[in-house]
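Take a look at the structure below.
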Amino acid sequence: MLNWIILEASSYAAQIDNVILIIALLGGFWLFAAEFVLFYFVAKYRRSRSPKALHITGYDHEHNKWIHWSHYAVIACDIVILVFAARAWYHVKQSVPEHVDEEIRIVGHQWAWEFVHPGPDGKLGTPDDIDLVDELHVIINKTYKFHLESADVLHSFSIPRFRLKQDAVPGREIDGWFTPTVAGTFDVPCSQMCGLGHGIMGGRIFVETEDEHRKWLDSATGKTAAIPGHSTGKLASTQGRN
Amino acid sequence: MTTHVAADHAHSEGDHGHHELSFIQKYVFSTDHKVIGLQYFMTGVLMGVLGALASYVFRMQMAFPGHAVPGFGLVTPQIYNQMVTNHGTIMIFWFAMPVLIAAFGNYLIPLMIGCDDMVFPRLNRLSYQIFLFSALLLIASFFVPNGGFGGAWTSYPPLASNPIYNQTPYGAPMWLAAVALEFVAFLLGGINFITTLMNARAPGMKMYDIPMVVWMIVIASILFMASVGPLVAGAAMLFLDQTLGTGFFDPARGGDPLLWEHLFWFFGHPEVYVVLLPAMGIVAEVLTVFARKKLFAYRTVLWTAVATGVLSFFVWAHHQFVAGIDPRMANIFTVTTLLISVPITEMSFVYIGTLYGASIQLSTPMLFAIAFIVEFLIGGVTGIFLGASGADIYFHDTYFVLAHFHYTFVPIAVIAVFAGVYYWFPKMFGRYMNDTWGRVHFWGTAIPFNGIFLPLFYTGMAGDHRRTFNHLNFPDLARGDLNFLRELSTVSLLVMLAFQVIFFVNFFYSMFRGKKAPANPWNANTFEWVAASPPPHGNFVTLPHCYRGPYEYSVPGHSSDFWPQNEPAPKT
Amino acid sequence: MATVINLPRATAQVRREPVIPSPVIATIIVVLTEIMYFSGLVSAYNVIRAQLFGVWAPPGEIRLPVAATAINTAILLLSGVLMCFAAQAYSREESKSRAPALFLQSIVLGAFFVCFQGYEWVKLIGYGMTLHSGIFASVFFLLIGSHALHVLVGVVVMLCCYLWMRQGRLSVGGMRAMQVFWLFVVGIWPILYRLVYFS
């Protein structure tokens, strides 16, 4: 259902959208049922139609059963939602696919994203790494593992079209993964208030075919964008540890 | 049970002499709970107006980015951050809490339990003075170099702890100190509410005879007491980081930003129930009176409120699912969060059940009370999307969250408050508010409110993130349909704000020129309607005795459709 | 707005005897809030300590005065015991006259505790352990300092209560309330001492 509003562009986007759909159906049912009953009572029991009210404690079974029955039904719905939500959570946050094609390092800065690509040798942490600002290039249908850090304050790496989000915490390296499934260019907004420039802290992810990606690699080799005032490519958190 | 004459607390000044009290003594430095309640109300509403003005400024920026806001000017990123930060902070701490708890609590509790004042009247006065000072301190933070704090009401370090990151070296600690002082004021107030309920009830008033609004305010006070400690600890650490350059939250020096998040949200989640419970209490009073019907399953309402309060201590990390906590923890908090939806759902169903077989008069207070349920149900259900970890990955920090919590907070802090104001106004001022204008105000509030926040569910689902001063900076969000919805939201806000003028005019005009109201204009049962309208200093000519529960309406065989708590049973 | 108008004044009425005196309830509420405050500090202490990559100890060669503080702890505990005796004596007519002396002794011991702590602190600061000299010192001073502040406030309030007691203006409920607060301050100290001085 969410895909009507925003594209699903990763391997787990549909699963997350599914969770949202189930909550919408079950929650929506209860919402509309409760609102209907509420409006129905207001209409049926208004003073002109119902001049005298009943005197009910609400403890007797005759009236209580409506609360009880719906009580248990709500719990049942909660369990269904829990199962679907936990499975999606586990898939995205508690497990990384066995086969990872490439790794990338991401560093959040006030106020830009630093993306470190492995470069032609395919390995992260080697001299041929490509270090860009606000630009992330990936290949469609390949699985990426990312190592997320922050150079200063809390940021949050998110790609809405992937249904991906993870806060970047200074002093930690947090891992995650994604597999893009639709080619295109998508927003990578920062999702945690990080100061004056939070509103302009947006990167772009370029999901490319293998050919396009090779073309980009050729033109980009040796390219390292400098972020004034910050060192690039190093673990930002090691800077303060001396 | 021994009894003795003379209250166990000091009387306020002027009690013993026969001299007339000056204006200053009567209204500025009073220890009378009614005056203090109204002081909290006026100050809280004034702060609410400031918070609303902030929302006017930033919503105009959201809808028409880059255009000067009429009456304000251009909104820079710094101003934008300060506006959103202080809007949230003011609305929660200096509007919702003071009005719902301190104003209604102070005014109503001694009246509704049938005594003459709070147990500690001078402590009560002190709490208001500290509260007022905290409000002034917050306002002052806007006028220092670099202006007020702009790091969001959640104030996460290292942004909040290091002036190099937040650029507000004076504003940030002032903001924090103002919040801390507000906490102190509410602790002092809460002491009065709890102690007064325990020790000063009218004879005969047993546990289940206490009106629900009194219970709810006291339970909320207990909840506040129990949850605020860890945040004060965190605030002390944050303040030291801000002012003395310590490293409690600096990872380079062994600190941890996530420590703040846990301490904050451990309080932050119970806090939402601290404001919800009094609102539900007010709605219970209004519903029963205008439905002429007992509260459905009083004991269930009471114990689910307690259960909600207890459970609220176990859900906090659902605000931190993607914050970098251990992913395994997320599942536990999803379970507890879904669990807490159960007592709340039960309370909602029970309130709807109160309307079954009722005889409903759609007075202005009743319209607001019913609207509370209608709107809060939406808020509650949309919370499930956020409490379920798998779905929250997407929704966290989007406008969906914002729409959800405004669908809970606005019913709590605005709709329920209006229900209470229209209902108790005759008691407070001895005059009715104008009912026709009240209804105009109602529709002008309830409908535009939906116009503001329903579109924001959609824009949130489309990817609009919070605290973003111009969505057009993000190419995927620079869409015509989203622009339209942002404008719709802002225009609805303008309409809703305009209608509030009607309320203020009605309120102040009726205070002096409204139609005179008797002691019990609504034919209600609870003790406050026994006192004169308005009640004198000391409240009752003769302190009442309690003979029954508060909701004995439409009792079969009884001569009228209400049976006040202080009326003795007829001799057979 | 006329909330105070000239209607017949409410007269002081018959009131039930509360089961727990109001000042005691108020103090219990304060104490519960304070316990949560200290719980927050203690959990911060534990979290920071668990995550630290270095050694959890004072900076440099400084060592905490464990032995001296042990004696100080005993003094504080004794102060608490004396307070209990004083409150108990005050609540009975036949023993009321013994209360002031016991009370004063309790206050003196409490004052000694905080003064001695202050003296130890000055020494630590002299050796170079300040609020800034590392996370251990920061947490130490905040946690122990919070407690010391409560001891100081407690001593001051107890002095006021003592003066009122001598003037005959202190109710039994007020004395019991003071006892509740002091027992909290005294009782929480061994926990903090064990946690911080023996890490």
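The values are calculated or read from the model by the stated rules, or taken from the named source; none is laboratory data. These numbers were taken from a predicted model, which means no experiment stands behind them. All Cβ positions, even for glycine, are placed from backbone atoms using ideal geometry, and neighbour counts span all protein chains on display. These area figures cover heavy atoms from the full protein model, side chains too; ligands, DNA and RNA do not enter into them. Shrake-Rupley method; radii C 1.70, N 1.55, O 1.52, S 1.80 Å.
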Q: Would you check which residues across region A:84-101 are open to solvent by 50 Å² or more (accessible area, probe 1.4 Å) and within 10 Å of chain B (Cβ to nearest Cβ) and list them?
A: A:84, A:87, A:90, A:91, A:94
Q: Being touching a Gly at 6+ places or on another chain (Cβ under 8 Å), at the interface with another protein chain (Cβ under 7 Å from one of its Cβ atoms) and open to solvent by less than 30 Å² (accessible area, probe 1.4 Å) is the filter; apply it to region C:38-63 and report the residue that is farthest from residue B:223 (Cα to Cα).
A: C:48
Q. What are the pairs, 6+ residues apart or on separate chains, where a residue within region A:11-39 that is within 24 Å of residue A:160 (Cα to Cα) and of a type in the set (Phe, Trp, Tyr) has its Cβ under 8 Å from a residue that is part of a helix (DSSP H, G or I) and modelled with pLDDT of 95 or more?
A. A:12/A:88; A:12/A:91; A:12/A:92; A:12/A:162
Q) Of the residues in region A:113-124, how many are open to solvent by 40 Å² or more (accessible area, probe 1.4 Å) and touching a strand residue (DSSP E or B) at 6+ places or on another chain (Cβ under 8 Å)? A) 1
**Q.** Failed criterion for residue B:153 (all others in (1) out of contact with any His (no Cβ under 9 Å at 6 or more places or on another chain); (2) more than 14 Å from chain C (Cβ to nearest Cβ); (3) open to solvent by 10 Å² or more (accessible area, probe 1.4 Å); (4) not in a helix (DSSP H, G or I) hold)
**A.** (1)
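Select, from B:384, B:378, the only residue that is open to solvent by 10 Å² or more (accessible area, probe 1.4 Å), in contact (Cβ under 8 Å) with a residue 40 or more places away in the chain and facing another protein chain (nearest Cβ under 8 Å).
B:384
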Q) In this structure, does residue A:110 turn out to be within 28 Å of residue A:140 (Cβ to Cβ), of a type outside the set (Gly, Ala, Ser) and open to solvent by 10 Å² or more (accessible area, probe 1.4 Å)? A) no
Q. If residue B:145 passes every condition in (1) assigned to a loop (DSSP other than H, G, I, E, B); (2) surrounded by fewer than 21 Cβ atoms within 10 Å (Cβ to Cβ); (3) within 13 Å of another protein chain (Cβ to nearest Cβ) but one, which one does it miss?
A. (3)
(Q) Cβ-Cβ under 7 Å, sequence separation 6+ or interchain: first residue in region A:147-162 and in contact (Cβ under 8 Å) with a residue 12 or more places away in the chain, partner open to solvent by less than 10 Å² (accessible area, probe 1.4 Å) and in a helix (DSSP H, G or I). Which pairs? (A) A:154/B:257; A:162/A:13
(Q) Could you check region B:343-369 and list, in sequence order, the residues that are without any contact (Cβ under 8 Å) to a residue 60 or more places away in the chain and within 7 Å of chain A (Cβ to nearest Cβ)? (A) B:345, B:346, B:348, B:349, B:350, B:352, B:353
Q: Output the residue which, of all residues in region B:256-298 that are part of a loop (DSSP other than H, G, I, E, B) and without any contact (Cβ under 8 Å) to a residue 60 or more places away in the chain, is farthest from the chain's Cα centre (by Cα).
A: B:256
Q: Mind listing whichever residues of region A:1-10 are touching a residue at least 60 places away in the same chain (Cβ under 8 Å) and open to solvent by 60 Å² or more (accessible area, probe 1.4 Å)?
A: A:7
Q | Looking only at region B:345-375, and only at residues there that are under 22 Å from the mean Cα position of the chain (by Cα) and either of a type in the set (S, T, N, Q) or closer than 28 Å to residue A:192 by Cβ (or both), the one that is most open to solvent (accessible area, probe 1.4 Å) | A | B:345
Q | Selection count, region B:191-248, where residues are in contact with an Asp or Glu (Cβ under 6 Å, 6 or more places away or on another chain) and facing another protein chain (nearest Cβ under 10 Å) | A | 1
Q. Just checking, which of A:172, A:163 is within 7 Å of chain B (Cβ to nearest Cβ) and open to solvent by 40 Å² or more (accessible area, probe 1.4 Å)?
A. A:172
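Residue-wise test of (1) among the aromatic types (Phe, Trp, Tyr); (2) at pLDDT 95 or above; (3) within 30 Å of residue B:469 (Cα to Cα).
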residue: B:19; (1), (2), (3): no, no, no
residue: B:40; (1), (2), (3): yes, yes, no
residue: B:46; (1), (2), (3): no, yes, yes
residue: B:58; (1), (2), (3): yes, yes, yes
residue: B:75; (1), (2), (3): no, yes, yes
Q.
Just to verify a result, which residue in region B:444-481, among those that are of a type in the set (Val, Ile, Thr) and part of a helix (DSSP H, G or I), is nearest to residue B:58 (Cα to Cα)?
A. B:452
Q) Can you tell me which residues in region B:315-326 are open to solvent by 40 Å² or more (accessible area, probe 1.4 Å) and either out of contact with any His (no Cβ under 9 Å at 6 or more places or on another chain) or not in a helix (DSSP H, G or I) (or both)? A) B:326
**Q.** Scan of region A:46-83 for residues that are within 7 Å of chain B (Cβ to nearest Cβ) and within 28 Å of residue B:333 (Cβ to Cβ), ordered by number
**A.** A:67, A:70, A:71, A:74, A:75, A:78, A:81, A:82
Q. Inside region C:177-199, can you point out the residues that are open to solvent by 60 Å² or more (accessible area, probe 1.4 Å) and part of a helix (DSSP H, G or I)?
A. C:183, C:191, C:194
Q: For region C:26-64, enumerate the residues that are within 19 Å of residue C:133 (Cβ to Cβ), at pLDDT 85 or above and among the charged types (D, E, K, R).
A: C:49, C:63
Q.
Any residue at all in region A:38-45 that's open to solvent by 40 Å² or more (accessible area, probe 1.4 Å) and at the interface with another protein chain (Cβ under 7 Å from one of its Cβ atoms)?
A. no
(Q) Six or more apart or on different chains, Cβ atoms under 6 Å: show the pairs whose first residue is in region C:133-147 and closer than 16 Å to residue C:114 by Cα and whose second is among the hydrophobic types (A, V, I, L, M, F, W, C) and open to solvent by less than 10 Å² (accessible area, probe 1.4 Å). (A) C:143/C:41; C:147/C:192
**Q.** Hey, residue B:189 over 26 Å from residue B:347 (Cα atoms) and free of Cβ contacts under 8 Å to residues at least 12 places away in the same chain or not
**A.** no
Q) Based on what the data block shows, is residue A:79 surrounded by fewer than 13 Cβ atoms within 10 Å (Cβ to Cβ) and within 36 Å of the chain's Cα centre (by Cα)? A) yes
Q: Evaluate region B:445-457: report whether one residue or more is away from chain A (no Cβ under 14 Å) and more than 17 Å from residue B:402 (Cα to Cα).
A: yes
(Q) Any residue at all in region B:432-450 that's open to solvent by 10 Å² or more (accessible area, probe 1.4 Å) and within 13 Å of the chain's Cα centre (by Cα)? (A) no
(Q) Looking at B:340, B:393, can you tell me which residue is in contact (Cβ under 8 Å) with a residue 12 or more places away in the chain and within 9 Å of chain A (Cβ to nearest Cβ)? (A) B:393
